[in-house]
């Protein structure tokens, strides 16, 4: 029998649950405290669902040339399909993230938009 777990992040990213070939759910506690500190953005080949669980947290989102800074309260959720990176506003802030099990992530330089690297995620 499976055990109930308490959502309390101990690292930047931790996968909690998954259905091997379909989806995975993890806790994301951004390492940055201010949007100004973010130097690279990432984008998956599939959408991700971000749900702010505790504290205030934020995302920098870039679609093409436009960049937005979004602030989340606990209970706020957003499906993200563009380049993005997170930051915490309150120390206890973190997201629950739902994504596919297999995808590719492209990382770009936030200032220039140049591709830095690509990484594949597989179960």
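The values are calculated or read from the model by the stated rules, or taken from the named source; none is laboratory data. Owing to the predicted nature of the structure, the values given are computational and were not obtained by experimental measurement. In this analysis, Cβ positions are derived from the backbone assuming ideal geometry, glycine residues included, and neighbour counts consider all displayed protein chains.
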Quiz item: Of everything in segment 31-47 that's in contact (Cβ under 8 Å) with a residue 24 or more places away in the chain and part of a loop (DSSP other than H, G, I, E, B), which residue is surrounded by the most Cβ atoms within 10 Å (Cβ to Cβ)?
Solution: 38
Quiz item: Which residue pairs have Cβ atoms under 8 Å apart, sit 6 or more places apart or on different chains, and have a first residue in segment 102-113 that is more than 24 Å from residue 22 (Cβ to Cβ) and a second that is part of a loop (DSSP other than H, G, I, E, B)?
Solution: 108/114; 109/39; 110/38; 110/39; 111/39
Quiz item: Just for segment 53-67: of the residues that are in a strand (DSSP E or B) and within 15 Å of the chain's Cα centre (by Cα), which one is farthest from residue 26 (Cα to Cα)?
Solution: 62
Quiz prompt | Qualifying positions in segment 1-13 - under 14 Å from the mean Cα position of the chain (by Cα) and either surrounded by 11 or more Cβ atoms within 10 Å (Cβ to Cβ) or on the phi > 0 side of the Ramachandran plot (or both) | solution = 9, 12, 13
Self-check item: In segment 69-93, the residues that are loosely packed, with under 15 Cβ neighbours inside 10 Å, within 20 Å of residue 39 (Cα to Cα) and out of contact with any helix residue (DSSP H, G or I) (no Cβ under 9 Å at 6 or more places or on another chain)
Solution: 71, 81
Quiz item: If you go through segment 14-21 one residue at a time, do you hit one that is in contact with a strand residue (DSSP E or B) (Cβ under 6 Å, 6 or more places away or on another chain), farther than 18 Å from residue 105 by Cβ and surrounded by 14 or more Cβ atoms within 10 Å (Cβ to Cβ)?
Solution: no
Quiz item: Given the conditions (1) closer than 30 Å to residue 3 by Cβ; (2) in contact with a strand residue (DSSP E or B) (Cβ under 9 Å, 6 or more places away or on another chain); (3) in a loop (DSSP other than H, G, I, E, B), and given that residue 79 satisfies all but one, which numbered condition is not satisfied?
Solution: (3)
Exercise. Taking residue 28 as the residue in question, decide whether it is within 30 Å of residue 2 (Cα to Cα) and surrounded by 15 or more Cβ atoms within 10 Å (Cβ to Cβ).
Key: yes
Quiz item: Given 50, 95, which one is touching a residue at least 60 places away in the same chain (Cβ under 8 Å) and either within 24 Å of residue 7 (Cα to Cα) or part of a strand (DSSP E or B) (or both)?
Solution: 95
Practice problem: Taking residue 96 as the residue in question, decide whether it is surrounded by fewer than 16 Cβ atoms within 10 Å (Cβ to Cβ) and at pLDDT 95 or above. | Solution: no
